[in-house]
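Novice: Please see the structure below; I have some questions.
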Amino acid sequence: MEFEQTGNEFTRKFKVSWTLYFSYIFWFAVKIIFLAGIYYTLLYFLQYEVWATKTLNIAFWIFIALAAIGSILFIINILTLRSILLYTNNDGIWVFMGIFPWSRGVSGVKWRDLDSASYRTSFLSWFFKTYDIKVEHRFTKENEIVLHSIFNGHKAATYINETHKKFITNTVSE
């Protein structure tokens, strides 16, 4: 992963859990099965028609093109998921993501502008230790960080809130 560091050391890093990858793989498989079902249904109903050979040939190449486009988009989505990194340093909480040079970047919330960090829990998130987290900006809702299926996201939210409290007490006492 390539991104410039401003001299601050990372204090904590959090990545996306495998459960989010699994959901992308599941929906990709559903889409491919759906496309194959349409093609084989078309094949079954048109197999005895005289003019069906050209239609089936066109349908086959459309199926192949849609499957290829879907596969490319699936790979891009998986690589983008893999690039997501939530980290903290002395300046604030940051999210790095992107695989292409034009989409790669860092966004975040500085400690002084942080309102709070929270996570959403359910049975599955508790069982797999993967939580949706939300880091809220104190002044605006446009700069919030919302990430899904972060491994140990509950620890990330707790750590962010505790660290924010330390930063606030240090700046108030000085």
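Novice: With everything on Cα atoms, drop me the angle between helix 18-46 and the longest principal axis of the chain, reported from 0 to 90° to the nearest 10.
Specialist: 10 degrees
Novice: Okay, next question. Taking the 0 to 90 degree range and rounding to the nearest ten, how far is the long axis of helix 52-83 tilted relative to the main principal axis of the chain, both from C-alpha atoms?
Specialist: Computed tilt is about 10 degrees.
Novice: Per-residue ellipticity at 222 nm for the chain, helices alone: DSSP H runs ≥ 4 residues times -39500 (n - 2.57), over residue total, nearest 500 deg cm²/dmol?
Specialist: Details: 4 runs with 88 residues, N = 174.
It comes out at -17500 deg cm²/dmol, rounded to the nearest 500.
Novice: Using alpha carbons only, how many degrees (0 to 90, rounded to 10) separate the axis of helix 153-173 from the longest principal axis of the chain?
Specialist: In the chain, helix 153-173 runs at an angle near 30 degrees to the longest axis.
Novice: How big is the charge dipole of the chain about its Cα centre, in debye rounded to the nearest 20, if each Lys and Arg gets +1 on its Cβ and each Asp and Glu gets -1 on its Cβ?
Specialist: 300 debye
Novice: Taking neighbour counts of Cβ atoms within 10 Å as a proxy for exposure, in what order, fewest first, do LYS134, LYS165 appear?
Specialist: LYS165, LYS134
Novice: Additional query: List GLU142, GLU136, GLU162 from most exposed to least, where exposure is judged by having the fewest other Cβ atoms within 10 Å.
Specialist: Ascending number of Cβ neighbours within 10 Å: GLU142, GLU162, GLU136.
Novice: Related question: Just need the relative contact order of the chain here, percent rounded to a whole number, with Cα pairs under 8 Å and 6+ apart.
Specialist: Here the relative contact order equals 22 percent.
Novice: Could you list SER103, SER118, SER125 so that the one with the fewest beta carbons within 10 Å of its beta carbon is first and the one with the most is last? Walk me through the numbers on the way to the answer.
Specialist: Numbers: SER103 11, SER118 16, SER125 20.
So the residues, fewest neighbours to most, are SER103, SER118, SER125.
Novice: Given R₀ = 25 Å, FRET efficiency for ASN170-GLU144 by Cβ-Cβ distance, to 0.05?
Specialist: 0.55
Novice: While we're on this one: Between ALA29 and THR53, how many nm apart are label points set 7 Å from Cα along the C-beta direction?
Specialist: With each label point 7 Å from Cα toward Cβ, the separation is 3.8 nm.
Novice: State the label only: which of (i) 9, 27, 25, 15, 11, 8, 3, 1, 0; (ii) 8, 21, 17, 11, 6, 6, 11, 11, 5, 3, 0; (iii) 10, 26, 20, 12, 11, 10, 8, 3, 0 corresponds to P(r) over Cα pairs in 10 Å bins from 0, in percent computed from the shown model?
Specialist: Correct label, based on the coordinates given: (i).
Novice: Among PHE74, SER118, SER103, which residue has its Cα furthest toward the positive end of the charge dipole of region 10-174, with +1 on Lys/Arg Cβ and -1 on Asp/Glu Cβ?
Specialist: SER118
No lab work stands behind these numbers, since they all come straight from the coordinates. Predicted model, so just to flag it, every value in this text is computed and none were measured. Backbone-built Cβ (ideal geometry, glycine too); neighbour counts: all protein chains shown.
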